[in-house]
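K.L.:
Pasting a structure below so you can have a look.
The values are calculated or read from the model by the stated rules, or taken from the named source; none is laboratory data. In this text the structure is predicted, and so the values were computed from the model without any measurement. Glycine also receives a Cβ, built like all others from the backbone with ideal geometry; neighbour counts cover every protein chain displayed.
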Amino acid sequence: MGARIPRRRRLGRARRFLRICANTGEPQPFGPYEIRTRQDGQAIGGLGFHGPADENGSVTIGYGLIPSAQGMGYASEALRALLTFGWAHGITSVEGDTDHDNIASQRVMTAAGMHLVAEDGRLKYFKITWSDPAARSGGRGQSA
């Protein structure tokens, strides 16, 4: 997310992605995507789903930017687009988490329409839920 992710967490995420690929094949459209600038197409980060939706239509997301691109609205814009994409593909809810001290990431999720739903000693958990996935007429989320 916004702050530098510790190496062991990055490795854990990479292993999880490889497990998903090994078990279910290519996870697209619910896999990773690059964040690129419109001006020159430069890759400045990534975001995506941590795998396909579960049996309830819920997915977990993650994102990160290079330090020079942080604080410029790129993550919020990309996350809003990812949420819209998920909603259009039948997702009923999206979850994300961040460390307590990662205020920037908390603001990104809030700006994208996600709501703080829980926290523990290490993380804050955010979620957006669409109450009527059959309607698909506005993309407005509700907190769970």
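K.L.:
Residues of the stretch 62-81 being part of a helix (DSSP H, G or I) and either surrounded by fewer than 21 Cβ atoms within 10 Å (Cβ to Cβ) or more than 10 Å from the chain's Cα centre (by Cα) (or both), which ones? Reasoning before the result, please.
P.N.:
Of the stretch 62-81, the ones part of a helix (DSSP H, G or I) are 67-69, 74-81.
Matches in the stretch 62-81: 67, 68, 69, 74, 76, 77, 80, 81.
K.L.:
How many of the residues making up the stretch 82-91 are within 18 Å of residue 36 (Cα to Cα) and buried (at least 17 other Cβ atoms within 10 Å of the Cβ)? Reasoning before the result, please.
P.N.:
Taking the stretch 82-91 first, the residues within 18 Å of residue 36 (Cα to Cα) are 82-85.
Right, trim to buried (at least 17 other Cβ atoms within 10 Å of the Cβ) and you get 82-83.
Adding up the residues that qualify gives 2.
K.L.:
Another question, then. Return yes when residue 53 is at pLDDT below 90, within 14 Å of the chain's Cα centre (by Cα) and crowded, with 18+ Cβ neighbours inside 10 Å and no when it is not.
P.N.:
Details: at pLDDT below 90: yes; within 14 Å of the chain's Cα centre (by Cα): yes; crowded, with 18+ Cβ neighbours inside 10 Å: yes.
Considered against the rule, which asks whether it is at pLDDT below 90, within 14 Å of the chain's Cα centre (by Cα) and crowded, with 18+ Cβ neighbours inside 10 Å, residue 53 comes out as yes.
K.L.:
Can residue 37 be described as at pLDDT 65 or above, surrounded by 12 or more Cβ atoms within 10 Å (Cβ to Cβ) and over 28 Å from residue 130 (Cα atoms)?
P.N.:
Details: at pLDDT 65 or above: yes; surrounded by 12 or more Cβ atoms within 10 Å (Cβ to Cβ): yes; over 28 Å from residue 130 (Cα atoms): yes.
Criteria met by residue 37.
K.L.:
How many residues are surrounded by 13 or more Cβ atoms within 10 Å (Cβ to Cβ), modelled with pLDDT under 95 and not in a strand (DSSP E or B) when one looks only at the stretch 114-144?
P.N.:
Of the residues in the stretch 114-144, 5 are surrounded by 13 or more Cβ atoms within 10 Å (Cβ to Cβ), modelled with pLDDT under 95 and not in a strand (DSSP E or B).
K.L.:
Considering the stretch 110-127 alone, what residues qualify as being closer than 15 Å to residue 78 by Cβ and in contact with a helix residue (DSSP H, G or I) (Cβ under 7 Å, 6 or more places away or on another chain)?
P.N.:
111, 112, 113
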